[in-house]
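Only one structure is covered here, and it is reproduced in the block below.
Here, each number is a calculation from the coordinates, and none is a lab measurement. Everything numeric here is computed off the predicted structure, so don't read it as measured data. Virtual Cβ from ideal backbone geometry, glycine too; neighbours counted across all protein chains shown.
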Amino acid sequence: SAQIIDGKSISNAIREEIKRETADLLEKGIRPGLAVVLVGEDPASQVYVRNKAKACEDLGFYSEVHRLPADTSQADLLALIARLNGEAEINGILVQLPLPKHIEEKAVIDAISVDKDVDGFHPVSVGNLMIGDDSLLPCTPAGVIELLKRSGVSPAGKRAVVIGRSNIVGKPVSMLLLRENATVTIAHSRTPNLPAVAREADIVIAAVGVPKLVKRDWVKPGAAVIDVGINRQEDGKLCGDVDYEDVLPVAGWITPVPGGVGPMTITMLMQNTLKAAKRAHGVG
Ligand code: NAD
């Protein structure tokens, strides 16, 4: 039976490291600061934003949450971002997505200073990741890599199959695995014989958004299976893109949902904010 990768405990360990580093920075008079911007009242987004502010508080970061009405104009939102770009106490700017339909997401992401792009979605951050230059990494993909490494699964020399090619997860996690010297296949909705492709992998990353898509016969015995999916089932419970119970006996490592990749995302956001603060002050 697979070793279960405990995302909560790995995430807590990283937060302890961040907390210690933050304490050292505070002694130098540096306080990492995150601005979170929420437009509208999407209930899931409200929870995410609250959790991000809470994580900042726990670590000793400065944080501010800007809650704007759903009918905020794109111009007003861009003006807020321009102001935050210029504020010294703010090291990271996170605009909670999705945005209301009348606002163009791309225009908003492009407006965030690359130095404060803690979500890692700015085209320059994406380009730096692709080239291999230092940059702030997108949080969920960075969390996937941390989970692998801290579980003793080194991607170097391994065959990795990423299922999903979104800009938020599939593509960037593929680039990170490539950077870690894995041999990477990016599979998606138009990939023929997907189970056979997945079965070649030593590392399977499922980032699809289809509940329990990945079954036992998709997984090579002993493979590491990382499940990024978060799907709400009819009974209200969450499940991943992997059929956990079915895959558990055959995999070498597996992440549960919830409690796997999920807890890592905010932790990586905190790590990015810390990194941005250190860079802004020329330390570390
Ligand atoms: P997305 O919908 O943008 O992309 C899904 C990808 O899966 C697409 O590239 C598509 O080609 C591929 N796909 C769809 N159906 C397929 C199929 N039947 N077979 C093979 N490929 C298929 O989604 P996303 O933003 O990448 O998110 C993926 C999942 O991860 C979702 O469940 C989302 O909720 C979850 N997610 C979790 C976190 C986290 O913090 N853990 C963060 C982001 C997304």
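Grab every C-alpha pair in the stretch 130-284, bin the distances at 10 angstrom width from 0 up to the longest one, and report whole percents.
Once binned at 10 Å, the Cα pair distances of the stretch 130-284 give 11, 41, 33, 11, 3, 0.
Run the dipole for the stretch 139-262 about the Cα centre, Lys and Arg Cβ at +1, Asp and Glu Cβ at -1, nothing else charged, and hand back the magnitude in debye, nearest 20. Mind showing how you got there, number by number?
Details: 15 positive and 12 negative charges, 76 e Å.
Computed charge dipole of the stretch 139-262: roughly 360 debye.
Specify the angular offset, from 0 to 90 degrees and rounded to the nearest 10, of the alpha carbon long axis of helix 170-179 from the longest principal axis of the alpha carbons in the chain.
Orientation of helix 170-179: about 80 degrees from the principal axis.
What ratio of Cα Rg to 2.2 N^0.38 Å holds for the stretch 61-159?
Rounded to two decimals, the normalised Rg is 1.28.
Quick one, what does Rg over Rh come out to for the stretch 126-168 if you take C-alpha atoms and the Kirkwood Rh?
0.97
If one computes P(r) from the Cα atoms of the chain, what percent of pairs lie at distances over 31 Å?
So the pairs more than 31 Å apart make up 29 percent of the total in the chain.
Using every pair of alpha-carbon atoms in the stretch 27-113, split the distances into 5 Å bins beginning at 0 and state the percent of pairs per bin, rounded to integers.
Answer for the stretch 27-113: a P(r) of 3, 14, 26, 23, 19, 10, 4, 1, 0 percent.
Using every pair of alpha-carbon atoms in the stretch 1-150, split the distances into 5 Å bins beginning at 0 and state the percent of pairs per bin, rounded to integers.
2, 8, 16, 19, 21, 17, 10, 5, 2, 1, 0
Lys/Arg Cβ at +1, Asp/Glu Cβ at -1, dipole of the chain taken about the Cα centre: which of 155, 29, 53 is farthest positive-ward?
155
Do the alpha carbons of any pairs in 19/54; 8/52; 171/278; 54/106; 116/275; 116/278 sit beyond 19 Å of each other, and which pairs?
Those over the limit are 171/278; 54/106.
Dipole size in debye (nearest 20) for the chain around its Cα centre, Lys and Arg Cβ +1, Asp and Glu Cβ -1?
Roughly 540 debye, rounded to the nearest 20.
With +1 on each Lys and Arg Cβ and -1 on each Asp and Glu Cβ, and nothing else charged, work out how big the dipole of the stretch 27-113 is about its Cα centre, in Debye to the nearest 20.
140 debye
Could the peptides 268-275, 219-226 be put in order, highest first, of the mean number of other beta-carbon atoms found within 10 Å of their residues?
Details: 268-275: 25.8, 219-226: 22.1.
Descending mean neighbour count gives 268-275, 219-226.
Which order do the peptides 66-73, 95-102 take when ranked by the mean count of other beta-carbon atoms within 10 Å per residue, highest first?
Details: 66-73: 13.9, 95-102: 15.9.
Result, highest mean first: 95-102, 66-73.
In deg cm²/dmol and to the nearest 500, what is the mean residue ellipticity at 222 nm of the chain if only DSSP H runs of at least 4 residues count, each as -39500 (n - 2.57), divided by the residue total?
After summing the helix terms and dividing by residue count, I get -12500 deg cm²/dmol.
What lysines could a cross-link reach from residue 237, if we take a straight Cα to Cα line under 17 Å and drop same-chain neighbours fewer than 8 places away?
In chain and number order, the partners are 212.
Identify the GluC sites (Glu not before Pro) of the stretch 23-129 meeting these criteria: DSSP loop state and at most 14 other C-beta atoms within 10 Å of the C-beta.
Here the GluC sites (Glu not before Pro) that fit, given the DSSP loop and packing criteria, are 41, 87, 89, 104.
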